[in-house]
Structure formats: C-alpha cells, structure tokens
Amino acid sequence: MLNSNYPLDTTVREFFTGPNSSSDLEDLDVNSKTCLELIYNIVHYFTGHQSEHGRIIDPYVHQEKQYSTPAYAAVAALLANELKDSSFLDHAIRALDASLDDLIHQRAADGHSNFYTTMLVFAFHELKPQVSLNQVEIWKRAFDGIDWQSVYKPSFNNWSIVQLAGEWLRSIAGLGPSLEVNDFDEALAPHMELITEYGMYIDPNGPLAYDMFSRNYLLLILLHGYNGRFRKQLQECFRRGTFTSLFLQSPLGEMPTGGRSAQHQWNEAQQAFQFELAAKFHAKQGDLRIAGAFKRAAHLSVASIRRWTRPSGELNVVKNHASPMLRTGFESYTFHSQYNLLTAYLLALTFRFGVDSIPEDSCPAETGGFYIWIEPFFHKLVINVGGNYVQIQTRGEPIYNPTGILRIQRKGVCSLIGPSDGASHQAGKAIAYAPAWETSSLRSDVTRMADWSPANDVELALGVHEKTDKRVSVELKYRGPLNGVTCVQRRLTVTSEVVLVSDRVVGQIDALIEEIPVLLWDGCRHTDVNLSGKRLDVSTEDGRVSILCLDSAATGFTLSDAVPFRNGTIGMARYRTNRRDTSFLIHLYKAENVLSNNHLVEFYKSFDGETND
C-alpha cells in the first residue's frame, strides 16, 4: 500500500506553507532533562519494589508482570550512565542478570519473552562502559545462550515485529548469531503488506496505539543499520507515519483515543520518541520549519505524560486519577508496573535519540485548520481548528468504542471535560455524542448510532463544505436500512471556540433524540453537572463544557446512566424533538469563566444559518 500516493500530501504542504504562529507558543518547560526526570521518578519508585533476585514485583498484584524487569534494567542503566549513580548501577545489573537468566531458561514473566530482547540490548549498551571487561564477557555469553528458535511466542502482529527487532539488535551488537539479511527480509515481508498508504501498521482491529507501537520497532531496525530489500519502504513508512501521527495529535499532546490500550501513558511516550527522530531527520534535510513542528509535538507529548505524575513519583498509567488498585480504565493486561516502565523505556529512547538543539515551531495540534479521515482500517475522523479538536469514531467497535464523537479537547482546557472518550458496549452501554430515533411501528423502538459497528450494513461518505484556518465544516452521510430511516446526515462545523453539530434523518420516525456524553467522575473528583432547560453545563476545578440545544421544538436535557470508561465514570444526557433535524452547540472553556446563555447564542449567530432550526 506504500506504492499508493500519500493521502495527506496536500494537507501537509498547505500547513507548512501557510501562516506560522511560532511567536505565540506557550512555554512548555520541556526538554531532554524532563524525560530524564520522569524516568528518574519512575525508577526511584520501582527500585523499592525490586526483589532480592532482581525482579520487579508489581505493588498491587504482588507478582512480576510481563516485561517489567527488562524495562527496569534498561531505564535504570540509562540513569546509572547519565547520572553516574552507583546505586542505580547495582539495581540495573541485577535486573539485567535476572532477565537474561529468564530468557535463557525460557521462563519470561507471563510468557512475554518477545518484548525482553530490545530492552536488554539497550541495557547492555548503557552498562557496558560502567562495568569490567569480565562482566561484559559474562553478559555476551548469556545473550549468546538465548535460543531464538524456541524462546519467543509464535505470533503475527506487533509481538512478531518486536521479536524481529530484538533479534536484529542482538545480532548487530554481536550478542547472538549473525542474521542473514535475506532470511530476515523473508520474516519481515508479511508485515510490509500491513503498512497502509498513511504509513500506519494494521494490528488486528486497527488500534492506533499498536499502529505506532509496531512502527517503533520497525524504526529501531532502521536505526540499527538495516539495509535489506525493504529499507526504502521502511524509510517511507517512517516519513508518512510520523506526518500522519503529527496531524492526529490533540492540542494537549495526546494520541487519539480508541481501541486496545488507548489512553495509556506509553502512547504519548512513543509519540515523543518518533517525533524527536522526525525532528532530527527533517533538520538534517535542512527543513527547520517541519523539524520545529515535530520538536513542539514531541514536547507536547512529554508535557501530557507529566500531568499524570502521582505524589509517589510514578504515573497513573491510564488517564484518570483513580487509585491503581481500582484498575479504572485498565485492560485485562494492564498493570501498574509494566506500563509505567514501558513508558520510561520509550522516554529513554526519546532521550537517547533526541537532540535539544532544534528550536520549536508551531505544530498542527495547536494550530489546526484541517480535517483528517483515516479509512477503511482505523475509522477515525479528526477535525482541528485553532486547537479546538474533535475526534469522531465513524464506525464503532463493540468492545472498545461507540460510533459518534468520542473526544473534544481544546488547547488550555482540562483534557477530560469534553469528554475525552466514549463508553463501549462492554462497559454496559455505548455512549458518545450520537443521535438516536424512536420508531414505535418497528420491533426495535429506539435505534442508536452509538450502537453501530462495522457489522451494520451502512454506507458511509464524507463531504466537505468548508476548510479554512478559521473554520472547518464537513458532513458524514450514512445510508442503509436503519429501522425506518434510510439516511443520517451529520454536519460538524468547528471553529477555534465552538463545535456545532447538526443532524438530519430521512425516513419515518416518531422522535429524534440527541445523546450527549457527560463526565461524572475522573477517578478522584466528581464533576458538577447542571441541567437547565436546553442548556447543559459540566465543570471541574480546571475546565467546563457548555452545551446549548438550538432546536425550538426540543425538550430540555435529562440525565441518566452511569457506566465506567477509560477516564472514570461517564453518564448520558439527552434531549428529544419531534422534528427530523436538530442542532446543538458545544463550547469548552476554562473553569473560572462561566458564560451566559447570551454569550453562547452569539456563537450560534456566527454560523450564518448553518443550523437546522
């Protein structure tokens, strides 16, 4: 698919030849030392959870989990090298010894041997200058004792790519058998078929976290001297993939939500790694404008991670403020230890491969003026105007994401208030910004867009009404047999201040319903929810969202349901109308500025009759 034209070429060119607002950039107070500080705090915390045998024991489940120990070895080794701290040196050596022993004897924690090798090679390189030649030779013999043919778990997804990267790095470092490039290419070849024209990797069901995760390891292969038959394709994957991720990033530095492992802190750590490398690459090409945008995006990513530091120094691994003991927003495989230490490892790569000398420049996340539609594998539509950011899941996935608007974030406003995600069927009820309709003559009284998945026989098209740096307006059109409705048209108009949603259905219905997601609890604090007729306000100490129904025939808002989701607990507000079209306005802003209805109405008037009322 890399043989196709890059779909974002025009978007990239327009952005980087357009107005530059670098003089308006907020000082994020982020540089390479910030990465080192985050790593230090995580390592310091988990040093207190290292067993006498060198293994990291998760403080909440009281077991060694997955690749916690090799990740700890890598980051503790980096600290020992950078800070010349002998205490970190001892802990890193013990973790490396334990992990190598487990690989040799094929007893990696939770069967996660595929993930050990890249981390252990990193640890070896960091520790080598700090230990005796005799110790280096002992480690070389240990690495050489790893039986690659039997130690790794057979797989064909990101696990396989990580394994390949580990063996490539081990071979290049002289720590294992030399690899024949032709044989390596044969193992790599099936994965190359899964790289899309956007430079994205298709892991099963298209989770964005594992698209970039897989690309991390393809990039490590490139960085360590790969010169096989796929070299040019991997270079193009890096170029396209980093641009795609750059334009998908939210103004608060976050990777888009959705799919497996969404909203885990390591998502932003891998962004920082790849964006730092992209900045260095484009600087070497002489394009400091693009390099500066990637540098800014890398710093936004690190700043996002820093916001989730716990009082004890390590991170909340998922973006909520709940105690890790509650496992709020966790996957079944999420643990406090391995995902804190994976984040630290990716930040270590960021620190080791990045440079501080490239100056920041304005980046797409904070500037906007575009939309990005990623189909058919990832089902994401992102609209960004002036750092007012809307993410739509165009086709839901029952386990993870509903169909509809999942996320609204705005530069300078609390990241969760929009809210920052929807709830899936698995949580108990699919909740997103999405219409529904009643058709009493049919067996199914209420049909909800939030419930839709790719299994629904629905045709989807996107039309563009306007695209400027001040306003973007697009229309999603769903056609198919939809319980009394044959077409749903959803027009989204975004400015730097507000989002206008206008829905229209074609067919015979009794009532049209708009469903609105409401953040109720962020893991620590409950929000203040106020329903006043056709206005809904949700607020925390550091952010507000106001939603104003613009439909004269509509009822007032009601609130129901409360289900768990990534960021805590989410509820659903709704209003009804007897019309077949309706509109509402969404405005995110800082907590101290409570806006009047008149102020919101002024936003509405600026849309020049775009509403359905």
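If Gly507 passes every condition in (1) open to solvent by less than 30 Å² (accessible area, probe 1.4 Å); (2) under 21 Å from Gly422 (Cβ atoms) but one, which one does it miss?
(2)
Matching residues to (1) crowded, with 24+ Cβ neighbours inside 10 Å; (2) not in a loop (DSSP other than H, G, I, E, B):
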site	(1), (2)
Ala365	yes, yes
Pro376	no, no
Leu381	no, yes
Gln391	yes, yes
Gly412	no, no
Ser415	yes, no
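Could you please find all residues in the stretch 328-348 being of a type in the set (Val, Ile, Thr) and either part of a helix (DSSP H, G or I) or open to solvent by 10 Å² or more (accessible area, probe 1.4 Å) (or both)?
Across the stretch 328-348, the qualifying residues are Thr328, Thr343.
Under 8 Å by Cβ, and 6 or more places apart or on different chains, what pairs join a residue from the stretch 479-504 that is part of a strand (DSSP E or B) and small (Gly, Ala, Ser) with one that is open to solvent by 10 Å² or more (accessible area, probe 1.4 Å) and modelled with pLDDT of 95 or more?
Close Cβ pairs satisfying both conditions: Ser502/Arg491; Ser502/Asp581.
Taking the stretch 148-166 on its own, how many of its residues are over 26 Å from the mean Cα position of the chain (by Cα), farther than 17 Å from Leu120 by Cβ and in a helix (DSSP H, G or I)?
2
Of the numbered conditions (1) modelled with pLDDT of 95 or more; (2) crowded, with 18+ Cβ neighbours inside 10 Å; (3) over 31 Å from the mean Cα position of the chain (by Cα), Ala553 fails exactly one; give the number of that condition.
Among (1) modelled with pLDDT of 95 or more; (2) crowded, with 18+ Cβ neighbours inside 10 Å; (3) over 31 Å from the mean Cα position of the chain (by Cα), Ala553 violates only (2).
Restricting the search to the stretch 518-536, which residues are touching a strand residue (DSSP E or B) at 6+ places or on another chain (Cβ under 6 Å), free of Cβ contacts under 8 Å to residues at least 40 places away in the same chain and not polar (S, T, N, Q)?
Passing the criteria: Asp528, Leu536.
Within the stretch 215-227, can one find any residue that is charged (D, E, K, R) and touching a Gly at 6+ places or on another chain (Cβ under 9 Å)?
Yes: the stretch 215-227 contains one or more residues that are charged (D, E, K, R) and touching a Gly at 6+ places or on another chain (Cβ under 9 Å).
Please go through the stretch 74-129 and pick out each residue that is surrounded by fewer than 21 Cβ atoms within 10 Å (Cβ to Cβ) and under 15 Å from Leu342 (Cα atoms).
Hit for the stretch 74-129 is His112, nothing else.
Kindly provide the set of residues from the stretch 404-428 that are hydrophobic (A, V, I, L, M, F, W, C) and touching an Asp or Glu at 6+ places or on another chain (Cβ under 9 Å), ordered by number.
Of everything in the stretch 404-428, those that are hydrophobic (A, V, I, L, M, F, W, C) and touching an Asp or Glu at 6+ places or on another chain (Cβ under 9 Å) turn out to be Leu406, Val413, Cys414, Leu416, Ile417, Ala423.
Could you pull out the residue among Ser99, Ser86, Ser113 that is at pLDDT 95 or above, under 30 Å from Thr34 (Cβ atoms) and of a type in the set (S, T, N, Q)?
Being at pLDDT 95 or above, under 30 Å from Thr34 (Cβ atoms) and of a type in the set (S, T, N, Q) holds for just one of Ser99, Ser86, Ser113, which is Ser99.
So, in the stretch 1-26, exactly how many residues are modelled with pLDDT under 95 and either open to solvent by 60 Å² or more (accessible area, probe 1.4 Å) or under 22 Å from the mean Cα position of the chain (by Cα) (or both)?
The qualifying residues number 8.
Given the conditions (1) part of a helix (DSSP H, G or I); (2) in contact (Cβ under 8 Å) with a residue 40 or more places away in the chain; (3) β-branched (Val, Ile, Thr), and given that Val136 satisfies all but one, which numbered condition is not satisfied?
Result: Val136 fails condition (2) only.
What is the one condition in (1) touching a Lys or Arg at 6+ places or on another chain (Cβ under 9 Å); (2) of a type in the set (Gly, Ala, Ser); (3) free of Cβ contacts under 8 Å to residues at least 40 places away in the same chain that Gly286 does not satisfy?
(1)
Hey, among the residues in the stretch 207-252 that are among the β-branched types (Val, Ile, Thr) and free of Cβ contacts under 8 Å to residues at least 60 places away in the same chain, which one's farthest from Gln263 (Cα to Cα)?
This residue is Ile221.
Where in the stretch 515-613 are there strands (runs of 3 or more DSSP E), lying wholly inside it, with at least 3 residues that are on the phi > 0 side of the Ramachandran plot and not hydroxyl-bearing (Ser, Thr, Tyr)?
Where strands (runs of 3 or more DSSP E) fall fully within the stretch 515-613, none carries at least 3 residues being on the phi > 0 side of the Ramachandran plot and not hydroxyl-bearing (Ser, Thr, Tyr).
Within the stretch 349-363, which residues are open to solvent by 10 Å² or more (accessible area, probe 1.4 Å), in a helix (DSSP H, G or I) and more than 12 Å from Leu38 (Cα to Cα)?
Arg352, Phe353
The values are calculated or read from the model by the stated rules, or taken from the named source; none is laboratory data. This structure is a prediction, so every number in the text was calculated from the model and none was measured. Reconstructed Cβ throughout: ideal geometry from the backbone, glycine too, with neighbour counts over all protein chains shown. Accessible surface is based on the protein model in full, side chains and every heavy atom, while ligands, DNA and RNA are left aside. Shrake-Rupley method; radii C 1.70, N 1.55, O 1.52, S 1.80 Å.
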